Amino acid sequence: MSSHDEAAADPMLKDLELLQRFSPDPVRAARVRARCRAQLERTRPSERADMSPSADGHPVTPVLVGCLCGAYVISLINLALRVYGLLE
Amino acid sequence: MDRALELQLVERLRNGDPSAFDAVHDAFNARLFNFLARLSNRRDVAEDLLEETWLRLVTHARRLKPDTHLGPWLFTVARHLYASYCRARLVEDSYAEGLIGLWPSGSPRPSPLDAAEASEAQRRVAAALSALPARYREALLLVAVEGLRPVEAAQVCGVTPEAMRQRLSRARDLLARRLRDAESGGLLSLNEVPT
């Protein structure tokens, strides 16, 4: 017999099950629920916008940002080389 | 809660689905409140800690493991919050200790939670339970009142299943002794009535 079964079979522990159950304030519970829902909602769309998936399911935004940064760095190097006359 | 449904709810919570939160809230709100109210013996504290528990779930929803057991997870958070509350109270009380003598003392009144107990028998059991040391009280609350399996209760309390089994056995003995003492105390006081 498991200890859970023992607990269920023990008449004294059964008394504990019969203890009056306290209920939370329904108004406050509704307010907390609404607050939590709103918090959950707030995080959902922003992360989806950041990580909009392509057709094959991979996030596009990080790749795009990476490409733009790469192009910017290359153009900077190109400009620096021209300024110092190392590139015609 | 059915395990398949629970796993589905966890997945939906990880995806930020508010309707999944509603389902979890419906399933656990009253149970968590009852646990916290019995642990703290105070409705206002239980309400505050309950709110904080739900906020923790929402904050950590994305980082939940796919195989999370929601019941033990929530009760663990609630228990940790209660422990933090007790630690904070301990610090406050140590500061306040020197001031206590300045306040007028009155006879202790039963808390509103005590007054709400329906019957004399319930009141007796509730009083015996609330007089137990916290570690035994929480073990009984989790297993006998909230219906967690002992292995889940062990997880919530951060002890081994064997330690939880021993804690439950000790808690049961202590509760029985306190109930016996209360009964004999009651009989004694009746015998003391002059005839």
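Out of the residues in the stretch B:108-145 that are surrounded by fewer than 15 Cβ atoms within 10 Å (Cβ to Cβ) and of a type in the set (Ser, Thr, Tyr), which is modelled with the lowest pLDDT? Give the derivation first.
Just the residues of the stretch B:108-145 that are surrounded by fewer than 15 Cβ atoms within 10 Å (Cβ to Cβ), to begin with: B:108-112, B:114-115, B:118-121, B:131, B:133-135.
From the residues that got through so far, the ones that are of a type in the set (Ser, Thr, Tyr) too are B:111, B:119.
Numbers: B:111: 60, B:119: 72.
If we take residues in the stretch B:108-145 being surrounded by fewer than 15 Cβ atoms within 10 Å (Cβ to Cβ) and of a type in the set (Ser, Thr, Tyr), then B:111 is modelled with the lowest pLDDT.
From the list B:11, B:97, which residue is modelled with pLDDT under 90, out of contact with any strand residue (DSSP E or B) (no Cβ under 9 Å at 6 or more places or on another chain), surrounded by fewer than 18 Cβ atoms within 10 Å (Cβ to Cβ) and more than 25 Å from residue B:141 (Cα to Cα)?
One residue alone meets the criteria, B:97.
Condition check: without any contact (Cβ under 8 Å) to a residue 40 or more places away in the chain, within 12 Å of chain A (Cβ to nearest Cβ) and touching a helix residue (DSSP H, G or I) at 6+ places or on another chain (Cβ under 7 Å). Does residue B:20 satisfy that?
On the way: without any contact (Cβ under 8 Å) to a residue 40 or more places away in the chain: yes; within 12 Å of chain A (Cβ to nearest Cβ): yes; touching a helix residue (DSSP H, G or I) at 6+ places or on another chain (Cβ under 7 Å): yes.
Against the criterion (without any contact (Cβ under 8 Å) to a residue 40 or more places away in the chain, within 12 Å of chain A (Cβ to nearest Cβ) and touching a helix residue (DSSP H, G or I) at 6+ places or on another chain (Cβ under 7 Å)), residue B:20 qualifies.
So which pairs qualify, if the first residue must be in the stretch B:1-14 and within 14 Å of chain A (Cβ to nearest Cβ), the second must be assigned to a helix (DSSP H, G or I), the Cβ gap must be under 6 Å, and the two must be at least 6 apart or on different chains?
B:9/B:20; B:9/B:23; B:9/B:24; B:12/B:20; B:13/B:20; B:13/B:61; B:14/B:62
Filter the stretch A:19-32 down to residues that are assigned to a helix (DSSP H, G or I) and facing chain B (nearest Cβ under 7 Å) and give me whichever is surrounded by the most Cβ atoms within 10 Å (Cβ to Cβ). Lay out the reasoning, then the answer.
If we filter the stretch A:19-32 for residues that are assigned to a helix (DSSP H, G or I), which is where we start, we get A:26-32.
Subset that is facing chain B (nearest Cβ under 7 Å): A:28-29, A:32.
On the way: A:28: 13, A:29: 19, A:32: 22.
Restricting to residues being assigned to a helix (DSSP H, G or I) and facing chain B (nearest Cβ under 7 Å), the top hit is A:32.
How many residues, within the stretch B:31-51, are surrounded by fewer than 16 Cβ atoms within 10 Å (Cβ to Cβ) and closer than 21 Å to residue B:9 by Cβ?
Total meeting the criteria: 0.
Consider the stretch B:1-55. How many of its residues are in contact with a Phe, Trp or Tyr (Cβ under 9 Å, 6 or more places away or on another chain) and not in a helix (DSSP H, G or I)?
1
For the stretch B:31-89, which residues satisfy the criterion of being under 26 Å from residue B:4 (Cβ atoms) and of a type in the set (Asp, Glu)?
Within the stretch B:31-89, just B:67 meets the criteria.
Answer with yes or no whether residue B:27 is small (Gly, Ala, Ser), crowded, with 18+ Cβ neighbours inside 10 Å, touching a residue at least 12 places away in the same chain (Cβ under 8 Å) and within 14 Å of chain A (Cβ to nearest Cβ). Full working, then the answer.
Values: small (Gly, Ala, Ser): yes; crowded, with 18+ Cβ neighbours inside 10 Å: no; touching a residue at least 12 places away in the same chain (Cβ under 8 Å): yes; within 14 Å of chain A (Cβ to nearest Cβ): yes.
No: the conditions fail for residue B:27.
Could you list, in sequence order, the residues of the stretch B:146-173 that are over 17 Å from the mean Cα position of the chain (by Cα) and buried (at least 18 other Cβ atoms within 10 Å of the Cβ)?
B:165
The values are calculated or read from the model by the stated rules, or taken from the named source; none is laboratory data. Quantities reported herein were computed from a predicted structural model and do not represent experimental measurements. A quick note on method: Cβ atoms are made from the backbone with ideal geometry, for glycine too, and the neighbour counts reach across all protein chains shown.
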